[in-house]
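Written below as structure tokens is the structure these notes are about.
Every number here is computed from the coordinates shown, using simple stated rules; none is lab data. Source: prediction; values computed, not measured. Quick reminder, even Gly has a Cβ in these numbers, built from the backbone with ideal geometry, and neighbours come from all protein chains shown.
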Amino acid sequence: MAKDTIFFTGHAKLPSAITAYKIYEVIAISAEVNPDTGEIVHLDCTLATGLARRFVSELAIGYKLGDDIDELVERLEARYYGSARKALIAAFKSINEKYLEWKVSQQQGLPASSAVPKHI
């Protein structure tokens, strides 16, 4: 599906007491997104275990960035009780912000590079 999708990443600092921090220090979420709908079609993250990565991916796939991000955050808060929860939420919010900036740039006919936030 990569031909018709766009790719966003989000990062956030992990709590220092968890395994993933020992490996990465930050959580990174990579999302492949349908540009027309904002729907997350594929997702990966840098949690330490395959089970955790799969669980987060399955929670996120199918959700639409933009209007639906609050629902995704609520679902994470209700179902994910790992120590990285706050970092995951921050990283998802970062992805959502980038998607919204990209969407505005597309509506204004700006080049795709103008949608990348300057702080990255």
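Between 78, 5, 107, whose Cα lies farthest towards the positive end of the dipole of segment 2-115 when Lys and Arg beta carbons carry +1 and Asp and Glu beta carbons carry -1, centred on the Cα centre? Checking the options against the dipole of segment 2-115, the answer is 78. Here the dipole of segment 2-115 is about 480 debye; that uses its Cα centre as origin and unit charges on the Cβ of Lys and Arg (positive) and Asp and Glu (negative).
Counting only aspartates and glutamates at least 8 places from residue 13 when in the same chain, those with an alpha carbon closer than 18 Å to its own are 25, 44, 77, 97. Taken one residue at a time, the phi angles of segment 37-44 give Karplus couplings (6.51, -1.76, 1.60, θ = phi - 60°) of 10, x, 5, 6, 9, 7, 8, 9 Hz. Gly and Pro are set to x.
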